[in-house]
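First the structure, in the form of structure tokens, and then the observations on it.
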Amino acid sequence: MRLHCEVEVVSRHLPALGLRNRGKGVRAVLSLCQQAPRTPPGPRAGGERGGRHPACLFISTLKDKRGTRYELKENIEQFFTKFVDEGKATVRLKEPPVDICLSKANSSSLKGFLSAVRLAHRGCDVEAPLSTLTPVKTSEFEKFKTKMVITSKKDYPLSKNFPYSLEHLQTSYCGLVRVDMRMLCLKNLRKLDLSHNHIKKLPATIGDLIHLQELNLNDNHLESFSVALCQSTLQKSLRSLDISKNKIKALPVQFCQLRELTDLKLDDNELIRLPFKMGQLRNLRVLSAARNKLPFLPSEFKNLSLEYLDLFGNTFEQPKVLPIIHLQMPLTLLECSARTVLYNRIPYGSHIIPFHLCQDLDTAKTCVCGRYSISSFIQGTTTMNLHSVAHTVVLVDNMGGTEAPIISYFCSLACYVNSCDMLK
């Protein structure tokens with residue numbers, strides 16, 4: 001029985017000696033072995049044959065293929081399995097006084113291996129087949145691949161799984177029409193490149209890849225980006241997203257919850273608007289949304305601080321001379337309540353108020369004064385020089401322009417009058 005993972009063996013004597021461990025594991029193969037006796041077991045008194053030799057733990061690395069053996073029977077002080085679902089665990093031995101720290105393991109394989117180790121500790125028979133105490137072959141360590149690039153259908157693995165240790169997977173030009181569910185078991189994945197395929201829909205379980213930092217979906221057939229992905233663990237991990245050359249017409253309001261994004265590519269879609277809360281992407285540094293159908297930019301766009309911006313080839317409209325007025329006097333109870341919730345940052349959710357009210361709050365307009373409005377507002381359009389939000393700006397048209405229309409909202413007539421100079 002074997003487990004492939006990264007291992008660090010930490011001596012508990014180090015702190016007493018004023019020393020520290022390296023803090024980094026190495027690729028290893030863990031084997032649960034049964035050491036064969038040197039002489040065949042003879043019959044015991046009463047005709048009973050000798051008992052089985054206790055199982056032991058054998059750790060082999062690429063530098064030490066002959067490995068190190070650790071006794072298990074009644075020799076484990078404690079198991080630490082809080083993060084076993086992330087492929088991490090620690091086994092604390094009594095003798096020698098070491099902690100065997102395991103990481104980057106397949107979670108299901110790790111659970112099975114630890115169960116067998118527990119049985120060996122208790123002196124029980126292990127049902128799984130035990131390995132022999134022999135040096136590990138170099139080929140065993142090839143299972144520790146961290147990067148795999150596949151760029152043709154003929155190279156795509158159909159009969160075998162992807163190496164569980166992958167951190168970078170690229171499967172381009174493979175004709176995929178959906179995301180292979182085997183990819184979603186790669187819990188160490190940091191970069192996933194599915195560009196140049198025919199994928200139409202993304203499974204919400206992509207959000208379970210807790211370490212995913214880069215996602216490339218360039219040149220597929222996507223028509224939307226799901227709300228579930230925006231509300232998944234990608235909120236904390238995703239840094240780079242490329243969904244250019246698809247058929248996306250709009251991004252959900254919740255898209256702006258992906259606040260760790262630094263690079264976003266939206267080129268060559270059918271976008272007719274950007275999310276209202278675009279300004280919440282405080283870490284965004286590169287934004288490319290060329291060759292879409294954007295008529296204007298959302299009001300919070302001016303809150304961005306970019307290094308590179310490309311909006312070339314959009315159908316930007318000329319700013320309207322007259323504003324659009326949707327003021328309600330007096331304000332409805334719904335409008336007053338919504339403004340109060342947003343202004344005082346009162347938490348809300350579909351488990352507290354109806355879902356349609358959550359949608360209204362999520363799409364609230366932000367006035368230039370900082371207050372919010374739902375259905376009572378004045379909408380005006382002005383032009384903004386894109387250099388005010390980006391260091392490097394690609395020209396928006398063939399005429400050399402760097403200005404684009406931006407929507408502004410006003411919660412009251414007073415706010416509009418005070419800002420009328422901006423709209424001239």
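The values are calculated or read from the model by the stated rules, or taken from the named source; none is laboratory data. The structure presented is a predicted model; accordingly, all values stated were derived computationally and were not measured. With ideal geometry, Cβ positions are generated from the backbone for all residues, glycine too; neighbour counts draw on all protein chains shown. We work out accessible area using only protein heavy atoms, side chains counted, and drop any ligands, DNA or RNA first. Shrake-Rupley method; radii C 1.70, N 1.55, O 1.52, S 1.80 Å.
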Q | the range 329-424: radius of gyration and largest Cα-Cα distance (Dmax), Å | A | 17.0, 51
Q: Tell me the label-point distance for the pair residue 391, residue 73, using the 7 Å Cα-to-Cβ offset, in nm and rounded to one decimal.
A: 6.6 nm
Q | Cβ-defined net charge surrounding residue 327, 15 Å radius [Lys, Arg +1; Asp, Glu -1] | A | +2
Q.
Just the number please: accessible area per residue for the range 174-276, 1.4 Å probe, all protein chains included, in Å².
A. 41 Å²
Q.
Under a Cβ-only charge scheme (Lys and Arg +1, Asp and Glu -1), can you give me the dipole magnitude of the chain about the Cα centre, in debye to the nearest 20?
A. 1560 debye
Q. When the Karplus curve 6.51 cos²θ - 1.76 cosθ + 1.60 is applied with θ = phi - 60°, which whole-Hz ³J(HN,Hα) does each residue of the range 271-276 get, with x for Gly and Pro?
A. 4, 9, 6, 9, x, 3
Q. Along the charge dipole of the chain, Cβ charges K/R +1 and D/E -1, which of 15, 222, 355 sits furthest on the positive end?
A. 15
Q) How much FRET efficiency would the formula 1/(1 + (r/R0)^6) give for residue 359 and residue 80, where r is the Cβ-Cβ distance and R0 is 30 Å, rounded to 0.05? A) 0.10
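At 0.36 nm per residue, and after removing the present C-alpha to C-alpha distance, how many nm does the segment from residue 94 to residue 283 gain when stretched out fully?
On the way: separation 189, 0.36 × 189 = 68.04 nm, distance 4.75 nm.
Separation in residues times 0.36 nm, less the Cα-Cα distance, equals 63.3 nm.
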**Q.** Cα extents of the chain along the three principal axes, largest first (Å)
**A.** 105, 49, 43
Q | Where Rh is the Kirkwood radius over Cα pairs, Rg/Rh for the range 143-270 | A | 0.94
Q: Report, by chain and number, residues whose modeled amide H sits under 5 Å from the one on residue 369, excluding near sequence neighbours (fewer than 5 apart, same chain).
A: 411
**Q.** Rounded to whole Hz, the Karplus (6.51, -1.76, 1.60) HN-Hα couplings of the range 59-69, x for glycine and proline
**A.** 10, 10, 10, 5, 7, 10, 5, 5, x, 10, 9
Q | Selected from 159, 380, 261, residue furthest toward positive end of dipole (the chain; charges at beta carbon) | A | 159
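What FRET efficiency comes out for the pair residue 320/residue 369, r = Cβ-Cβ distance, R0 = 25 Å, nearest 0.05? Each step should come with its number before you reach the end.
Numbers: r = 21 Å, r/R0 = 0.85.
It comes out at approximately 0.75.
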(Q) Need one number: nm distance between label points at residue 62 and residue 262, each 7 Å from Cα along Cα→Cβ, rounded to one decimal. (A) 2.7 nm
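What length, rounded to one decimal in nm, is gained on full extension from residue 198 through to residue 249, with 0.36 nm per residue of separation minus their alpha-carbon distance? Don't skip to the answer; put the middle values down first.
On the way: separation 51, 0.36 × 51 = 18.36 nm, distance 1.74 nm.
Separation in residues times 0.36 nm, less the Cα-Cα distance, equals 16.6 nm.
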Q: Work out from phi, with θ = phi - 60° and the Karplus expression 6.51 cos²θ - 1.76 cosθ + 1.60, the ³J(HN,Hα) of each residue of the range 238-251, listed in order in whole Hz, and give x for Gly and Pro.
A: 6, 10, 10, 9, 10, 10, 6, 6, 10, 10, 7, 9, 7, 9
Q.
With the crude spin-label approximation of a point 7 Å out along Cα→Cβ, what separation in nm comes out for residue 223 versus residue 327?
A. 4.2 nm
Q) Using heavy-atom solvent-accessible surface (probe 1.4 Å) with all chains present, what is the largest-first order of 182, 259? A) 259, 182
Q: Mind giving me the FRET efficiency for residue 108 and residue 346? R0 is 41 Å, r the Cβ-Cβ distance, nearest 0.05 is fine.
A: 0.45
Q: Can you send over the carbon and sulfur percentage of the accessible area for the chain, probe radius 1.4 Å, protein chains only?
A: 52 percent
